[in-house]
Amino acid sequence: MFDALPNFWTPVMAAADLADKPVGMVLAGEKIVLFRGKDGPAALLDRCPHRGVALSLGRIAEGQLECPFHGWKFDGKGHCSHIPFNPGLERAGVGALPARELGGLIWVYTGFEATEEPVVPPALLDKRFHLDVLTEEWSAHWTRAMENMLDTPHLPWVHRGTIGSSLWKRMRPDSKMNQEVTETDWGFEDRFQIDDGEGNQINWRRPNGMELFILEKPWGRMRTHAWCVPTTTDHTRMIVATATGFGWLNVFAGLGRGFNRRVLGEDRAVLESSFPVRVPAPDDEQNVPTDKVTLRFRMWYLKNLAEREPPAATPG
């Protein structure tokens, strides 16, 4: 199960979007349902063990998920607590996945027993930051999306009119990009600089997360986080969480959502044309020295996950 991303914590949605109704979704090839149980967010396989219908079509009753077909009730651990017209009868229930609410996001573990807790970027847990979350669905394999999120050389071209504008204006034909990559317990840090300009930092948070330090000043801070969450073999749910720390000015932070969607749209327009759909072996594409950051991710993916995945769809 979850062959595209097995045994990892990943955010799947904004916590604010999980309210009084169950939410069904596809995660790494598996249908799951999320709801707020008595003990917090819960994630179950979206299939009633009785007749196989989608539990996400049901309703929440007293912190339990009620099947829409025959009214069987399941708690956050997947235990079947009630079967109408069959008093006292017990059944094992449905598969439950570990779920947490942290940093304004709902996290799900793609396995039944988590050996550790999610590693959440610090800004998402810092009350001094305002958090704004948006999601999009892309027709792209999650590995292509992940490499795009880590790829800084594309900024002056894909984002010439937005976040890459300043780079485009000061680039010269002989400009160089310096990249210093440091391994960490949770992935790697990339400190990059173009010519003698101000440096910046982007992090890869294993397996599918990115953290970009946009602004780090005494008077304000801003960081963008993105997760490329695989749904089917050729579709990805993009979750972007922007954390802004501008004191009382944080009340205006939500105004940037439209800008963030514009930036994502610029990436999407290019990325959905990638072929092959899934990242290939490095020798199958022409690479240059400034690709070393994305290739670090690619080599990790090819070593640890590629053989588990079913074939990606082929454009036809």
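No lab work stands behind these numbers, since they all come straight from the coordinates. Just so we're clear, the structure is a prediction, and the values are computed from it rather than from any experiment. Glycine also receives a Cβ, built like all others from the backbone with ideal geometry; neighbour counts cover every protein chain displayed.
Given their separation in residues at 0.36 nm each and the Cα-Cα distance between them, Lys77 and Ala281 gain 69.4 nm when the chain is fully extended. In plain terms, the chain from Gln193 to Leu125 could stretch by 21.7 nm, reckoned as 0.36 nm per residue minus the Cα-Cα distance. Taking Cβ atoms as reference points and 13 Å as the exclusive limit, the residues near Phe74 contribute a net charge of +1, counting Lys and Arg as +1 and Asp and Glu as -1. Of the trypsin sites (Lys or Arg not before Pro) found in the range 1-88, the ones in coil according to DSSP and having at most 13 other Cβ atoms within 10 Å of their Cβ are Lys38, Arg51, Lys77. Charge dipole of the range 139-277 (Cα centre as origin; +1 on each Lys and Arg Cβ, -1 on each Asp and Glu Cβ, all else neutral): 600 debye, rounded to the nearest 20.
Here the Karplus relation 6.51 cos²θ - 1.76 cosθ + 1.60, evaluated at θ = phi - 60°, turns the backbone of the range 138-143 into coupling constants of 10, 8, 7, 6, 4, 5 Hz, with x for every Gly and Pro. Cross-link partners for Lys292 among the lysines, with Cα-Cα distance under 22 Å and sequence neighbours closer than 8 places in the same chain left out: Lys176, Lys303. Taking 19 Å as the cut-off, the amide N atoms of the range 223-246 that come nearer than this to a point 7 Å along the Cα-to-beta-carbon line of Arg308 belong to 227-237. A cut-off under 15 angstrom between Cβ atoms defines the neighbours of Pro276, and their net charge, with Lys, Arg +1 and Asp, Glu -1, is -4.
Across Leu249, Leu215, Leu131, mean-square fluctuation computed from a Gaussian network of the chain (C-alpha pairs under 10 Å connected) peaks at Leu249.
Sites listed here are chymotrypsin sites (Phe, Trp or Tyr not before Pro) in the range 41-77 whose DSSP assignment is loop and whose Cβ has at most 16 other Cβ atoms within 10 Å: Phe69.
Give the lysines reachable from Lys169 as a straight Cα distance under 16 Å; neighbours fewer than 8 places away on the same chain don't count. Cα-Cα hits under 16 Å: none found. Gln193 sits among other residues whose Cβ lies under 10 Å from its own Cβ, and their net charge, with Lys and Arg +1 and Asp and Glu -1, is -2. Treating each Cα of the range 9-109 as an identical point scatterer and summing with the Debye formula, the log10 of I(q)/I(0) at q = 0.13, 0.23 Å⁻¹ comes to -0.40, -1.19.
What is the helix-to-structure angle for 292-304, meaning the angle in degrees between its Cα long axis and the longest Cα principal axis of the chain, kept from 0 to 90 and rounded to the nearest 10? That works out to roughly 30 degrees. Of all lysines in the structure, the ones whose alpha carbon falls short of 29 Å from that of Lys73, not counting any fewer than 8 places away in one chain, are Lys21, Lys31, Lys38. Here each label is just a point 7 Å from Cα along the line to Cβ, and for His50 and Trp219 those points are 6.3 nm apart. With the simple model of a label 7 Å out from the Cα in the direction of the Cβ, Gln201 to Val288 spans 2.7 nm. Residue separation of Phe85 and Glu180 scaled by 0.36 nm, minus their Cα-Cα distance, works out to 27.7 nm of gained length. Every helix of 4 or more DSSP H residues in the chain counts as -39500 (n - 2.57), and over all residues that averages to -4500 deg cm²/dmol at 222 nm. For the range 121-162, the set of trypsin sites (Lys or Arg not before Pro) satisfying both a DSSP loop assignment and a count of at most 16 other C-beta atoms within 10 Å is given as Lys127, Arg128, Arg160. Take every pair of alpha-carbon atoms less than 8 Å apart whose residues are at least six positions apart; their mean separation over the length of the range 160-316 yields a relative contact order of 13 percent. Simple rule: put +1 on each Lys or Arg Cβ and -1 on each Asp or Glu Cβ in the chain, find the dipole, and look at Trp168, Gln193, Leu249; the Cα lying farthest toward the positive end is Leu249. Amide H contacts of Arg59 (H built 1.01 Å from N, in plane; Pro and chain starts excluded): Glu66 sit under 5 Å, all sequence-distant by 5 or more or on other chains.
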